[in-house]
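> Quick one: the structure is below, questions incoming.
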Amino acid sequence: MKRIILQVDGMMCGMCEAHVNDAIRKAANVKKVVSSHTKGTSEVICEDEIDANIFKTAIENDGYKVSSYSEEPYTKRGIFAKLSAK
């Protein structure tokens, strides 16, 4: 699994977060997406190898600007992740 963190400019409220989340979900099959207008970020968790430019295009088509993004491997945390690892 992979975690993609996008720096998104232009989000001003919770409704903006919802628009960005919807754009990301429509662009690709993702496990989880969380956006924060106060941090100016969107975090995406996905299983497949997805090019982050797909998210950038979808977000910018909604009128927001992606200034940067980073990718890193993602591992589940918590009690259920430890149980499924056995």
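Readers should treat all values here as calculations from the given coordinates under stated rules, not as data from a laboratory. The structure displayed is predicted, hence computed values, not measured ones. Positions of Cβ are generated from backbone atoms using ideal geometry, with glycine treated the same way; all protein chains shown enter the neighbour counts.
> What residue among 57, 28, 75 has its Cα farthest toward the positive end of the dipole of segment 2-84, where the charges are +1 on Lys, Arg and -1 on Asp, Glu, each on the Cβ?
In segment 2-84, that residue is 75.
> Continuing with this model, one more query. Given segment 2-84, report the % of alpha carbon pairs whose separation exceeds 15 Å.
53 percent
> Another question, then. Any chance you could give the angle, 0 to 90 degrees and rounded to 10, that helix 52-61 forms with the longest Cα principal axis of the chain?
It is inclined by approximately 30 degrees.
> Under a Cβ-only charge scheme (Lys and Arg +1, Asp and Glu -1), can you give me the dipole magnitude of segment 2-84 about the Cα centre, in debye to the nearest 20?
So the dipole magnitude of segment 2-84 works out to roughly 400 debye.
> Here is a further query. Using only Cα atoms, tell me the angle between helix 14-27 and the longest principal axis of the chain; keep it within 0 to 90° and round to the nearest 10.
The angle comes out at about 70 degrees.
> With each pseudo-label sitting 7 Å past Cα toward Cβ, what's the residue 57-residue 36 distance in nm, one decimal?
The two pseudo-label positions are separated by 2.9 nm.
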